[in-house]
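This report refers to the structure that appears directly beneath it.
The values are calculated or read from the model by the stated rules, or taken from the named source; none is laboratory data. Fair warning: this is a prediction, and the values are worked out from it, not measured in the lab. Glycine gets a Cβ as well: all are built from the backbone with ideal geometry, and neighbour counts include every protein chain shown. Accessible surface areas use protein heavy atoms only, side chains included; no ligands, DNA or RNA. Shrake-Rupley method; radii C 1.70, N 1.55, O 1.52, S 1.80 Å.
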Amino acid sequence: MGFAKVGRKKLFLYDSQMQTYEGEILCLLDFYVHFSCQRQGVGQQILDYMFSQEHTEPYQLALDNPSVTLLGFMSQKYGLIKPVWQNTNFVVFEELFLALSAENGIEKPPPDGWRRPMTPRRLGTGMTDTRWLQHAVSGHQSKGNAMAAPVDADMTPQGALSNRAHQAKARKAHILSSKPLW
């Protein structure tokens, strides 16, 4: 009728505020329900059984390169409506990061196997942006084009996430195209 292939992978994740997280997380690597059994609750039964066996919640699952259909399924069946695309083509949901913060704004310790990696930080400001996010974005004002004119770039967290998602989609489209690289 169908199957779900899962496994734990060590991932480096960013939340929507570009805070970094590192840890082993349960990943849905492959998920399939035979077409004759779709829209009958079989997919949800498969995932519910997997969640019970793995002792995890739906928001704690990372999806490996999910299709629009899978994202819609997760939204409809589990209420996960805010995907956070990672630069590795994995998707986690905003609820994963919200579960790490307490009601009063004090951060709880991360789940087992998780830690906040020590990333390069801006000196003197106490900000948590990693250094490469500011200096490695093409089009940054400090980098000019051939005519030495500065280029404005969207440096907000939403702009960076949108740019990474666009780049991932372009890579996927190129991989799926039949055009060779040479």
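If you check TYR59 against the conditions, is it closer than 19 Å to LEU96 by Cβ and touching a strand residue (DSSP E or B) at 6+ places or on another chain (Cβ under 7 Å)? So that I can check it myself, show each step before the final result.
Numbers: closer than 19 Å to LEU96 by Cβ: yes; touching a strand residue (DSSP E or B) at 6+ places or on another chain (Cβ under 7 Å): yes.
Yes, satisfied.
Return yes or no: is ASP48 open to solvent by 30 Å² or more (accessible area, probe 1.4 Å), farther than 25 Å from LYS172 by Cβ and outside any loop (DSSP other than H, G, I, E, B)? Yes; evaluated as a whole, the condition is true for this residue. Residues of the range 1-44 that are surrounded by 14 or more Cβ atoms within 10 Å (Cβ to Cβ) and of a type in the set (D, E, K, R): LYS9, ASP15, GLU22, GLU24. Taking the criterion of being under 11 Å from GLN60 (Cβ atoms) and at pLDDT 90 or above, the residues of the range 79-103 that qualify are LEU80, VAL92, PHE93.
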